[in-house]
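These notes are about the structure you will find just below.
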Amino acid sequence: MSHNDRRNFIKASAVGAAALAALPLDKSRSLAALRTTSLPAARDTVRARPVPLDNVRLTGGPLLKAQQSAANYLLALNPDRMMAFYSVRAGLPQNAEPYAGWVGPGKNLTGHIAGHHLSGVSLMYLATGDKRFKDRADYLVRELDEVQRKNGDGYLSALEKGREVWAEVSSGNIRPAAFDLNGLWSPWYTLHKTYAGLRDAYRYTGNRTALDVERRFAEWAKHTLDPLSEAQFQKMLGTEHGGMNEILVDLWVDTGDTRWLDLSRRFEHHAFTDALKRHQDNLPGKHGNCQIPKLIGSAVRYEHTGDADDLVAASFFFDRVAQHHTYASGGHGLDEYFGFPDQLSHRVDGRTCETCNVYNMLKLSRKLFSFRPDPLYADFHERSLFNHALASFDPDGVRMSYMVPVGRAVQQEYQDMQTDFTCCVGTGMENHALHGDGIFYESDDTVWVNIFAPATAELSNGAKIAMDSSFPDGDTARLTITKSGKPFTLAIRRPAWAGDGFAVKVNGETVAVPTLASMRVGGAGGRDVGLDEMLSSYFRVERTWKSGDVVDISLPKTLRLEPTADDKTVAAIMHGPIVLVGDLAPRRDERGTPHVEAPMLVVDKPVDQWVVRSGENFRATGAGRLISSPSAAGADVALSPFYRTHGRTYGLYFDVVTPAEFDARVAARANTAERQRKLEAASLAFVQPGDAGVEKSANYVSEPADRPTPRIGGRASRGGLGWFAYDLAIDPNVDMAVVVTYFNDLGLPSTGNFDILADGNSIGHYAPNRSASGFWNETYHVPLSVARGKSKITVRFQAATGGRIVPVYGVRTVREKDL
């Protein structure tokens, strides 16, 4: 579907706000959802209940626009194409050609999209009341039921060779890797999406068959896994397995069968979670989205069992991610992995911030708030929602982003939502149905207002609230009691970013709000703290509410810089909780680093003196300077809220320096250029991996032949399994060396295990340089015995058995004496 086709699709089939407004619902269908807080433990652990999604309706703003576009997309998909491989694996005829991408044939995640889609339409039914989504859910459940009955033993999967692999696993033959289990790509992760879809169809559309299918599927899993010892089970969990622990707790809640709680505990990945229970940050080098679902499962299990270990693990994990590993946008991770805590300055460029991670962190934040109504969780929810989540989905172009980078000159990594079907397209099917989740929470005597967005809510105490808000662009919100009920306290989140400008009026009368200074802990003599160190809180209004009561809230957004913890010159520009990004150029291509030089912001004044409004957007006046043109005068840099950057090349983090610091960087760049000039003068040959013409002239050969060329910092690379080689010129009369350029991602696992060979002779084994940042060179001496009498040598990168070649960004031969 072309970009214009997508726009026409949205215009032609837009589900307007009226169509997605509150519709009459059969409340009995929500009984399954209500059971999630009916167990005794849940009544003790849940202090703030999110107002059920079927009692909340978005009424305007960018959240509603994203929800409407996602709703149309869900209905435009063909469920028979998602089900094709389920039918084939069961020996049934397929009703349509299968989709391609990650759900196509081969070693892939075949089947995961059907599960995501079932969850997506079930949640969208809850969020909108539109019966078309229930009809779609019912259809998918019928198809899954038919496949399962044909299989005969509860099995329900679209994976090729799935039967054979599960038989091996059940026998104790377990061969795990991070994303591979006995030759299948993350099979439990894939099956988890089917389980989750069935759970959601039961809980949110009232489809009883979905629960029956889920239960039979769980019985197959239990039968398959029962023969495993604890050690074998834990070995299996070394492969990504999604939120299987969560699903099994939920199945226990929905059926009352304790077998599923017991199996959930077997899915506890002790190699990861035990350290969290000791308050040890073991995140560096871990794949982000492999971990978050495990802790969602811990949180859900705590909700229903009250097991403190689960709460400690989940809450400590959240605190470390949110406060020590998260970028200004609310996303985290580089190339999908965590780095070291509070060391982000060298990790802002490249493929940062996978959207699945933010989807799952939002789920975890909302769950943890229900246990402890701390505004920290609501602050994270707000930041991630209005920055990453909205920036990840282009509602006009109907494009979902796998990565939503935060670098100096980057662009969204869009997926074709009709062909790619990646993990982030899958979570994107669910994410935008959930925008109303967590706006309001309630208890027997309190209603919390966490997110400022146009919405209505029907409360369990009989009252109804309508919120009108100009947020995220504006600075106000109005709450109107449209129906009175039992008395309650209205707890309005007072975000720290609003400073002392936060104000409240009830029926036109100003209510006294304490200053932030008066709320500071420490007493006289305590140091002054900046806005970033202030804590959000709740301002409580206690009264007997009557229909027609109005609460006006002023939320002035302050401008500030938010630097990385390890380098104060690497900073994002914040307007309240909204990231302002530099609008640098049109989007260049569908993927890869755009060829745009990022401006530095050269300033010696507070940010509110050089960032000014420009219509709906902003500009950094006279602050932008290019290090490649150091003598040029400072230029204005256009700034926009992050969520309005679709189709653009943008910069989220900037180098914000003083004039003296800029001059020092110009001088350092000159020194680097001189070293590079000297290296190039010493070079006899150079190959840039990924440059087809240069590689052809160097007789590039690879096994496997199809080796990708990922990019970072404007340069392509070769790496991975097997081997690849180039023929490079040498001078046989002098000492020669091979210089290889690598890139160091601080905190990423050092997975390199390979040799560098010259004409079959090892000249070095890869060793990581843990002190380097960014691109770095390693020199490997070529013995004269290898070079003698030759005009060229074959330089080969050879992975060890079970090892990998780290990305190689350049290979050259040099005269050692000239270095």
Residue 513 versus residue 500, label points 7 Å from Cα toward the beta carbon: distance in nm?
1.3
Mind checking the full-extension length gain between residue 80 and residue 681? Use 0.36 nm per residue of separation minus the Cα-Cα distance, one decimal, nm.
210.2 nm
With labels modelled as points extended 7 Å from the Cα through the Cβ direction, what inter-label distance (nm, one decimal) is found for residue 461 paired with residue 674?
7.2
Set the Förster radius R0 to 41 Å, insert the Cβ-Cβ distance between residue 480 and residue 621 as r into 1/(1 + (r/R0)^6), and round the FRET efficiency to 0.05.
0.55
Check each of the chymotrypsin sites (Phe, Trp or Tyr not before Pro) in the stretch 308-397 and keep only those in coil by DSSP with at most 10 other C-beta atoms within 10 angstrom; list them in order.
none
Applying the Karplus parametrisation 6.51 cos²θ - 1.76 cosθ + 1.60 with θ = phi - 60° to the phi angles of the stretch 259-274, what ³J(HN,Hα) value in whole Hz is obtained for each residue in order, glycine and proline being reported as x?
4, 7, 5, 4, 5, 4, 5, 5, 7, 6, 8, 4, 4, 9, 7, 4
Using only the Cα atoms of the stretch 250-400, what are the Rg and Dmax in Å?
16.0, 49
If you take the square roots of the eigenvalues of the alpha-carbon gyration tensor of the stretch 334-412 and sort them as a ≥ b ≥ c, do you get rounded (a/c under 1.5), prolate (a/b over b/c) or oblate?
oblate
In the chain, what percent of the accessible surface is made up of carbon and sulfur (1.4 Å probe, ligands and nucleic acids excluded)?
50
Please give the per residue accessible area of the chain, computed with a probe of 1.4 Å over protein heavy atoms only, in Å².
38
Protection-proxy order for peptides 120-126, 619-625, 130-136, 419-425, each taking the mean of Cβ atoms within 10 Å per residue, highest first:
120-126, 419-425, 619-625, 130-136
Net length gained if the chain between residue 661 and residue 587 were fully extended (0.36 nm per residue, minus Cα distance)
23.6 nm
Would you compute, from DSSP H runs of 4+ residues alone, the mean residue ellipticity of the chain at 222 nm, taking -39500 (n - 2.57) per run and dividing by the full residue count, rounded to the nearest 500?
-10500 deg cm²/dmol
Could you compute the FRET efficiency for residue 219 and residue 595, with r as their C-beta to C-beta distance and R0 at 56 Å, rounded to 0.05?
0.50
Here the net charge surrounding residue 441, from other residues whose Cβ is less than 13 Å away from its Cβ (Lys, Arg +1; Asp, Glu -1), is +1
Label points 7 Å out from Cα along the Cβ direction at residue 163 and residue 309: separation in nm?
3.8
Volume in Å³ per residue [convex hull over Cα atoms, computed for the stretch 716-795]:
101
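The values are calculated or read from the model by the stated rules, or taken from the named source; none is laboratory data. Remember, predicted model here, so these are calculated numbers, not experimental data. Positions of Cβ are generated from backbone atoms using ideal geometry, with glycine treated the same way; all protein chains shown enter the neighbour counts. Keep in mind that these areas ignore ligands, DNA and RNA; they rest on the heavy atoms of the full protein, side chains included. Shrake-Rupley method; radii C 1.70, N 1.55, O 1.52, S 1.80 Å.
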